[in-house]
Amino acid sequence: MTENANWTSMSDHALAAHIGAFVRHHRLEQNRTQDALAHAAGISRSTLSLLERGQTVTLATLIQVLRVLDQLQVMDSFVVEQRVSPLALAKMQKEKRQRARGKQVDDTTEHEW
């Protein structure tokens, strides 16, 4: 598998083939047959073969195979972090309480001493 691939210049078919090569590499590294991996993932061997050849499979199929291969760390690339814009942060800081107030006493009520 190539390092530092230029993903944007690759065609969809080339990307799918790269994903298939990734799956095949990890399957062979774990010394699993297509039959064994497909059975563990709950898919047919022919579907796994399609995936490894870069053909069209469902996203659910890919996730099942990655889970069985213990390769779900690739999902780290899809993490979305919430970022606050500098203007929104400044507004939140401005609205933030700067001092504590004591309990408000209603002057219209009479107190018994």
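The values are calculated or read from the model by the stated rules, or taken from the named source; none is laboratory data. Just so it is clear, the structure is predicted and the values come from calculations on it, not from any experiment. Virtual Cβ from ideal backbone geometry, glycine too; neighbours counted across all protein chains shown.
Worth pointing out:
- Checking each residue in the range 33-61 for being within 23 Å of the chain's Cα centre (by Cα) and surrounded by fewer than 17 Cβ atoms within 10 Å (Cβ to Cβ) picks out Ala40, Gly42, Gln55, Thr56, Thr58, Leu59, Ala60.
- There is no residue in the range 25-44 that is under 24 Å from Ser11 (Cβ atoms), out of contact with any Asp or Glu (no Cβ under 9 Å at 6 or more places or on another chain), modelled with pLDDT of 95 or more and assigned to a loop (DSSP other than H, G, I, E, B).
- Some residue of the range 46-55 being farther than 24 Å from Ser77 by Cα, assigned to a loop (DSSP other than H, G, I, E, B) and not aromatic (Phe, Trp, Tyr): no
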